[in-house]
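> Here you go, one structure.
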Amino acid sequence: MSIQYNKFEIRIRLSAIRSNYRLLKNSGSRVIGVIKADAYGHGLCEVAGALAQEGCDTFAIGSVEEGAALRRHLRQAGINARIMSLLGPVDPEDYAPLWEHEIIPFIGSFRQLETVAGQAARLGRALPVSIKFDTGMARLGFVETDLPRLLDRLHEAPLVRPVMASSHLATADDPSAMDFVMEQGRRFEIMVTALRQAGYQVEANLANTAGILAHQKLHHQSQRGGIALYGASPFAGTAWEHLGKGLVPAMEARTKIVSVHPLKKGHTISYGGTYTAQRDMTVAIVAAGYADAYSRGLSGRGAQMLIGGRRVPQVGRVCMQLCAADVTDVPDVRPGDWATLLGGSGALAITADELAGWWGTISYEVFCLLGMNRRIYI
Ligand SMILES: *Cc1c(COP(=O)(O)O)cnc(C)c1O
């Protein structure tokens, strides 16, 4: 997905992603690079290439289609890696590509299991899969009471090869929710043990970034790291903020200033006249709006941007392709200058978590949405 024909420039620093991967790998065991949703808006193929250079040998993507796109790229680039699909097959046409593109699907329902088994029998070809367990997220996966039937069905379908077992933590980013995290860990142990006792030597993985950084006890043979790769911490703003130390943001968003002009005291600006100048001001009109995924929800929320090396407040409603900033105190601002909405250098840099705070969301969504704009790699 991409937004075109705007003035936005998303700059991605692949060296930051590589450095963040190395930091996660210090946890000891294998780190699966989670690059679903176009690598959280950072670019599926570019990020996969960068991670492969750091020795990442397994990628987690969303849909089977995204996996197929990644496989085509990896083959062209001569990169040999495992690809797992976190969504798994949804439609009938999602099954054949699992074999064709060597994608290890999450299999979390009997419906998926039966379809994979049928197709494997017809093709006469085995398929490695990851058995997905629901240990508390209540989204996708087999639950504990499914185990007897699951083991029966696997026994009857020898071409379905469970090589992994996976589950996903729901509250690992919340230091006050340790009990729930540990309970998920306990349930996962039970289910993995049952699989192993039935003879399936699965590579187990449970931890996401928060689990990798905070819960050594929940590390299994591999971990699935996402948000940290992009330089944001799931613990930002919590008592465990220090666990994200050393992560380097990889995404920067900037756009052009279109106009600079005075706004007299008492006058309002933008739709609805929601902002009234309290003094004679100078405003910069910036080429950023909700059509560029710079949300209208940022209006009147105290959002800031960087102009002329200073932090300035955004004022008035965010429009479709424009918004305004108060540049009264910034000398020499001119049309054609840059306004930085995310990132920037030094202590003034706007972090994804800060922007997410004004926006009323989390860094993950900031990356996914802003990442839909044109990207350049620096
Ligand atoms: C997105 C996702 C992850 C990665 O989570 P982060 O918090 O970004 O590390 C891991 N596992 C599954 C199943 C996911 O969907």
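Values in this text are rule-based calculations from the coordinates and carry no lab data. Everything numeric here is computed off the predicted structure, so don't read it as measured data. Reconstructed Cβ throughout: ideal geometry from the backbone, glycine too, with neighbour counts over all protein chains shown.
> Could you order peptides 224-230, 260-266 by the average number of other Cβ atoms within 10 Å of their residues, highest first? Walk me through the numbers on the way to the answer.
Values: 224-230: 25.9, 260-266: 13.0.
With the highest mean Cβ count within 10 Å placed first, the list reads 224-230, 260-266.
> With all pairs of different alpha carbon atoms counted, what Kirkwood hydrodynamic radius in Å does segment 1-104 show?
Working: mean 1/r = 0.0694 Å⁻¹.
Every distinct Cα pair counted, the radius reaches 14.4 Å.
> So how much slack lies between residue 123 and residue 152, counting 0.36 nm per residue of separation and subtracting their Cα-Cα distance, in nm? Write down the numbers at each step before the final one.
Numbers: separation 29, 0.36 × 29 = 10.44 nm, distance 2.16 nm.
Length gained between residue 123 and residue 152: 8.3 nm.
> Right, next: Using Cα positions and a limit of under 14 Å, work out the aspartates and glutamates in reach of residue 132, with same-chain residues fewer than 8 apart set aside.
Output for residue 132: 144, 146, 189, 203.
> Right, something else. Please compute the alpha carbon radius of gyration of segment 251-377, then divide it by the globular-protein estimate 2.2 N^0.38 Å. Two decimals is fine.
Values: Rg = 13.7 Å, N = 127, 2.2 N^0.38 = 13.9 Å.
This ratio for segment 251-377 stands at 0.99.
> Which percent of Cα pairs goes in each bin when the distances of the chain are cut into 10 angstrom slices starting at zero?
It works out to 5, 22, 27, 21, 14, 7, 3, 1, in whole percents.
> For residue 142, enumerate residues with amide H under 5 Å from its amide H, sequence gap 5+ or separate chain, H modeled in the peptide plane.
Here 132, 133, 134 satisfy the definition.
> Something else about it: Label points 7 Å out from Cα along the Cβ direction at residue 282 and residue 69: separation in nm?
Spacing of the two 7 Å Cα→Cβ label points: 4.3 nm.
> D for segment 45-150, whole µm²/s, Stokes-Einstein with Kirkwood Rh over alpha-carbon pairs at 4 °C and 1.567 mPa s: what number? Mind showing how you got there, number by number?
Details: Rh = 14.5 Å.
Rounded to a whole number, D works out at 89 µm²/s.
> Counting other C-beta atoms within 10 Å, which of 152, 134 has the fewest, and how do the rest follow?
Working: 152 11, 134 20.
Fewest-to-most Cβ neighbours within 10 Å comes out as 152, 134.
> Another question, if that's okay. Quick one: if the Förster radius is 22 Å, what FRET efficiency do residue 239 and residue 29 give, using the C-beta to C-beta distance and rounding to 0.05?
0.25
> Right, here's the next one. So what are the three principal axis dimensions of segment 50-93 from its Cα atoms, in whole Å, longest to shortest?
Here the spans come out as 34, 18, 12 Å, largest first.
> In addition: How many times 2.2 N^0.38 Å is the alpha carbon radius of gyration of segment 123-280?
Numbers: Rg = 24.4 Å, N = 158, 2.2 N^0.38 = 15.1 Å.
Compactness ratio reported: 1.62.
> Explain nothing, just the number: relative contact order of segment 171-309, from Cα pairs under 8 Å at least 6 residues apart, as a whole percent. Numbers along the way, then the final one.
Details: 158 pairs, mean separation 18.9, N = 139.
For segment 171-309, the relative contact order is 14 percent.
> Under the 0.36 nm per residue contour assumption, what length would be gained going from the current alpha-carbon distance of residue 201 and residue 320 to full extension? Provide the component values of the computation, followed by the final result.
Values: separation 119, 0.36 × 119 = 42.84 nm, distance 5.34 nm.
Here the answer is 37.5 nm.
> By how many nm would the segment from residue 139 to residue 347 grow when fully extended, if each residue of separation counts as 0.36 nm and the alpha-carbon distance is taken off?
Values: separation 208, 0.36 × 208 = 74.88 nm, distance 3.96 nm.
Fully extending the segment from residue 139 to residue 347 adds 70.9 nm.
> Moving on. Can you compute the helix-only [θ] at 222 nm over the chain? Use -39500 (n - 2.57) per DSSP H run of at least 4 residues, normalise by all residues, nearest 500 deg cm²/dmol. It would help to have the intermediate numbers written out before the result.
Values: 11 runs with 112 residues, N = 378.
When only DSSP H runs of four or more count, the value is -8500 deg cm²/dmol.
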